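> This structure is in structure tokens; I'll ask about it shortly.
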Amino acid sequence: LVAVEGAILLVDATQGVQAQTLSNLHLALTQGLVIIPVLNKIDLAGARIEETEAELAEVTNCERSAILKISAKTGAGVAELLEAICRRIPPPRPAGTVPAALIFDSQFDAYKGVIAHLRVFDGTFRAGEAIRTVATGRRTEVMEVGCFSPSLTPTGSLGAGEIGYMATGFKEPDAIRVGDTIGLASADTPALPGYREPQPTVFASVYPENADDYERLRDALAKMKLNDAAIIFEPESTEALGRGFRMGFLGMLHLDIAGERLRREYGLHLIFAAPSVAYRIIRNDGGEEHIYTAARLPDPHRIREIAEPWVRLEVITPSTGLGAVMELLNQTRGTYLEQHYLASDRLAISYEAPLSDILVDFSDDLKRVTAGYGSYSYEFIGHRPGDLVRLDMLIAGAPEPALSQIVPSGQSQRIGRRVAAKLKELLPRQLFAVSIQAAIGGRIIARETLAALKKDVTGYLYGGDRTRKMKLWSKQQRGKERLKKTGRVDIPPSVFRELLRREGNR
């Protein structure tokens with residue numbers, strides 16, 4: 001959005017205005033862009049043209065006559081849209097003479113290296129010139145410049161106001177950063193304003209199903225970050241699942257898209273842990289730190305306060321589903337703000353809630369209670385203190401760090417019981433009874449017992465006094481008691497994988 005002067009607000013006539021529509025519209029308006037409202041798919045039998053047109057006029061605060069109607073399938077109205085772009089959107093105005101370009105995307109080519117997609121704000125860039133990236137300070141010689149028509153088409157130069165590509169020759173994916181400024185190596189080019197570093201709010205651990213794919217996963221993440229600067233990742237290793245990465249995303253939709261890209265584009269089979277958020281810890285000594293996993297939470301006596309991220313929710317629903325949606329929102333620890341009608345039968349609800357309360361189930365539940373017509377988006381509004389505790393899982397008395405969670409105190413018992421019950425189903429049985437406990441600090445709040453394997457130690461006996469069987473049973477029982485005291489449960493990786501899948505789909 002920083003790289004352009006205007007934007008087309010394209011709305012599906014069969015779906016109407018969605019929550020993501022409002023979210024992107026607010027971003028565009030914040031940048032001061034000219035908005036062209038457009039109604040698409042008007043050729044379909046299920047198109048609600050009048051109703052959607054009214055919604056679009058409401059959210060954009062424009063006359064209904066200013067809304068264009070098109071069909072990308074049949075081509076109806078497309079010529080009028082192209083004319084409106086030329087007429088309504090102002091032309092670019094160079095602000096100076098020092099060449100400067102903003103990188104808004106990038107890709108990797110085996111022969112040309114990193115190819116930066118950029119908007120030139122001032123000056124002209126030509127093939128063969130020496131350039132410098134302002135943020136990373138990297139220097140190189142331009143191999144090729146050109147435009148998209150729609151494939152990469154060399155033009156020899158790009159001037160002020162033009163959008164195109166630049167083949168840099170860099171072989172390291174991290175040499176080019178989305179949002180960085182490119183200038184000539186001989187000039188002192190300042191960084192272009194308007195870009196903000198993305199701040200991930202959702203975190204998840206990802207592990208390759210095949211341990212030999214770790215290096216492939218690392219290379220894939222480095223290349224994917226070229227055109228998705230919001231992704232962050234760092235190596236992580238656990239005894240149960242081996243080597244993987246802790247990744248940060250802008251939200252759950254971003255996580256789903258990134259996971260699907262890794263599977264489709266790079267052929268990787270991955271295991272994603274249940275998503276979590278970044279907690280802000282205020283220590284007793286006044287220090288502050290951010291943690292992403294329960295294993296990194298300091299000891300309780302060192303913590304003054306735990307703050308969790310909160311978001312502002314925008315939920316759009318048919319008016320007939322208002323009651324069910326409000327009941328769903330009330331299940332979170334959030335606060336109702338306001339609601340207003342977009343049209344006679346659709347309304348928008350504003351709500352504030354902890355991000356952790358809407359990470360996993362909320363999207364599916366909203367679709368269920370609104371028969372698929374509800375949608376939502378959210379915006380991060382800051383951290384707020386919460387009554388949060390660390391829930392540890394003990395297997396045969398030994399804590400398992402990979403299963404620890406940070407949960408609301410009021411929900412800890414319910415969550416502990418659910419995880420303990422799932423572990424009872426998944427863990428392999430041992431020769432002794434295994435206790436599965438959920439604990440907060442030193443207090444046990446839930447427990448399940450995995451029964452011991454039974455072996456018929458008297459099967460070979462044939463007749464004789466019953467005391468012989470009783471002696472063997474007693475010996476077996478003493479052996480199980482010894483195993484219970486000294487035995488250790490080795491949890492196979494398949495248990496963690498299955499548990500993570502179930503937690504992610506609950």
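The values are calculated or read from the model by the stated rules, or taken from the named source; none is laboratory data. Just so you know, these numbers come straight off a predicted model, no measurement behind them. For neighbour counting, all protein chains shown are included, and Cβ atoms are generated from backbone atoms with ideal geometry for every residue, glycine included. Protein only, heavy atoms only, side chains kept; ligands, DNA and RNA dropped before computing areas. Shrake-Rupley method; radii C 1.70, N 1.55, O 1.52, S 1.80 Å.
> Based on what the data block shows, is Leu431 assigned to a loop (DSSP other than H, G, I, E, B), in contact with a Phe, Trp or Tyr (Cβ under 9 Å, 6 or more places away or on another chain), more than 30 Å from Glu314 (Cβ to Cβ) and open to solvent by 40 Å² or more (accessible area, probe 1.4 Å)?
No; evaluated as a whole, the condition is false for this residue.
> Among the strands (runs of 3 or more DSSP E) confined wholly to the range 144-250, which include 2 or more residues that are over 26 Å from the mean Cα position of the chain (by Cα) and surrounded by fewer than 19 Cβ atoms within 10 Å (Cβ to Cβ)?
Qualifying strands (runs of 3 or more DSSP E): 144-148, 152-154, 157-159.
> Do you know which residues across the range 268-302 are at pLDDT 85 or above and either hydrophobic (A, V, I, L, M, F, W, C) or touching a Pro at 6+ places or on another chain (Cβ under 6 Å) (or both)?
Within the range 268-302, Leu268, Ile281, Ile282 meet the criteria.
> So, one more: Looking at this structure, is Thr153 hydroxyl-bearing (Ser, Thr, Tyr) and under 30 Å from Tyr373 (Cβ atoms)?
no
> Right, next: Can you find even one residue in the range 286-304 that is in a strand (DSSP E or B) and in contact with a helix residue (DSSP H, G or I) (Cβ under 8 Å, 6 or more places away or on another chain)?
no
> Out of curiosity, is Tyr336 among the aromatic types (Phe, Trp, Tyr), modelled with pLDDT of 85 or more, closer than 14 Å to Arg312 by Cα and in contact with a Lys or Arg (Cβ under 8 Å, 6 or more places away or on another chain)?
No.
> State the number of residues belonging to the range 107-143 that are of a type in the set (Lys, Arg), touching a residue at least 40 places away in the same chain (Cβ under 8 Å) and either surrounded by 17 or more Cβ atoms within 10 Å (Cβ to Cβ) or out of contact with any Lys or Arg (no Cβ under 9 Å at 6 or more places or on another chain) (or both).
Number satisfying all stated conditions: 3.
> Can you find a residue that is over 30 Å from Leu403 (Cβ atoms), surrounded by 12 or more Cβ atoms within 10 Å (Cβ to Cβ) and either at pLDDT 75 or above or aliphatic (A, V, I, L, M) (or both) anywhere in the range 436-451?
no
> Taking into account only those residues within the range 49-85 that are part of a loop (DSSP other than H, G, I, E, B) and of a type in the set (Val, Ile, Thr), which is surrounded by the fewest Cβ atoms within 10 Å (Cβ to Cβ)?
Here the residue is Thr74.
> Which of (1) part of a loop (DSSP other than H, G, I, E, B); (2) open to solvent by less than 50 Å² (accessible area, probe 1.4 Å); (3) hydroxyl-bearing (Ser, Thr, Tyr) does Thr97 not meet, given it meets every other one?
All conditions pass for Thr97, except number (2).
> Quick check on Glu425: is it open to solvent by 40 Å² or more (accessible area, probe 1.4 Å), acidic (Asp, Glu) and not in a helix (DSSP H, G or I)?
Against the criterion (open to solvent by 40 Å² or more (accessible area, probe 1.4 Å), acidic (Asp, Glu) and not in a helix (DSSP H, G or I)), Glu425 does not qualify.
> Sticking with this structure for a sec: Which members of the range 325-344 meet the condition of being open to solvent by less than 100 Å² (accessible area, probe 1.4 Å) and within 19 Å of Gly372 (Cα to Cα)?
Listed by number, the residues that qualify are Val325, Met326, Leu328, Leu329, Leu342, Ala343.
Residue by residue, here is whether (1) in contact with a helix residue (DSSP H, G or I) (Cβ under 8 Å, 6 or more places away or on another chain); (2) in a strand (DSSP E or B); (3) not basic (Lys, Arg) holds:
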site	(1), (2), (3)
Asp105	no, yes, yes
Phe108	yes, yes, yes
Arg119	no, yes, no
Phe125	no, yes, yes
Gly128	no, no, yes
Arg132	no, yes, no
Thr136	yes, no, yes
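> Further, regarding this structure: Do you know which of the residues in the range 34-48 that are open to solvent by 40 Å² or more (accessible area, probe 1.4 Å) and in a loop (DSSP other than H, G, I, E, B) is nearest to Ala3 (Cα to Cα)?
My answer is Lys41.
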